[in-house]
Amino acid sequence: MSIDFNASYTMTIEGHPVSSPETIAVVNPATEEVLATPPDATQRQLDQAVDRANDSDFGLGASVWAGDYREGQRIAERLQAGTVWVNEIHTISPHKPMAGHKQSGIGVENGLIGLLEYTVPQTLSIKKL
């Protein structure tokens, strides 16, 4: 999925339409509630959106859409989710670990961390006599 940032999209926040080519959207995957702030939002409004997204017992995945990927990354780093996509969604690779936070999932799939889930480490401590 890709977004044309030159186009205008319409989204509603609490029933009020918001139209911007750079709307930031945060979706709570547990409730599918869209939490969004327009690009000129105050830091307080952005903090509230992140707090609302994190106010869940679950945290498998999240997605942040922003016209400036660096701003999207700053928001993504604050979200309590195992995988957070910025300006994309559901890109999965054998090289990218995938795990949930909180009550979402057990263990890790993919990546080196995922491969280690299939190993059983053993430590031998031997003293020469």
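Just so you know, all these numbers are worked out from the coordinates, no wet-lab data involved. Being a predicted model, the structure only gives us computed values, none of them experimental. Note that each Cβ is placed from the backbone with ideal geometry, even for glycine, and that neighbours are counted across all protein chains shown.
List of remarks:
- Label positions at residue 80 and residue 113, each projected 7 Å from the Cα along the C-beta direction, are separated by 1.7 nm.
- Each peptide in 60-72, 94-106 gets a packing score, the mean of other Cβ atoms within 10 Å over its residues, and the list from highest to lowest is 60-72, 94-106.
- Segment 60-103: C-alpha gyration tensor shape, a/c 1.5 cut-off, then a/b vs b/c: oblate
- Whole-Hz ³J(HN,Hα) from phi, Karplus 6.51 cos²θ - 1.76 cosθ + 1.60, for segment 91-107, glycine and proline x: 8, 10, 9, x, 8, 9, x, 10, 8, x, 9, 6, 8, 9, x, 10, x
- Once backbone amide H atoms are built at 1.01 Å from N, residue 86 has 64 as its partners under 5 Å, excluding neighbours fewer than 5 places away on the same chain.
- Within-11-Å neighbourhood charge of residue 97 [Cβ basis; K, R +1; D, E -1]: -1
- Point-to-point label distance, residue 45-residue 96, nm (Cα→Cβ direction, 7 Å offset): 2.9
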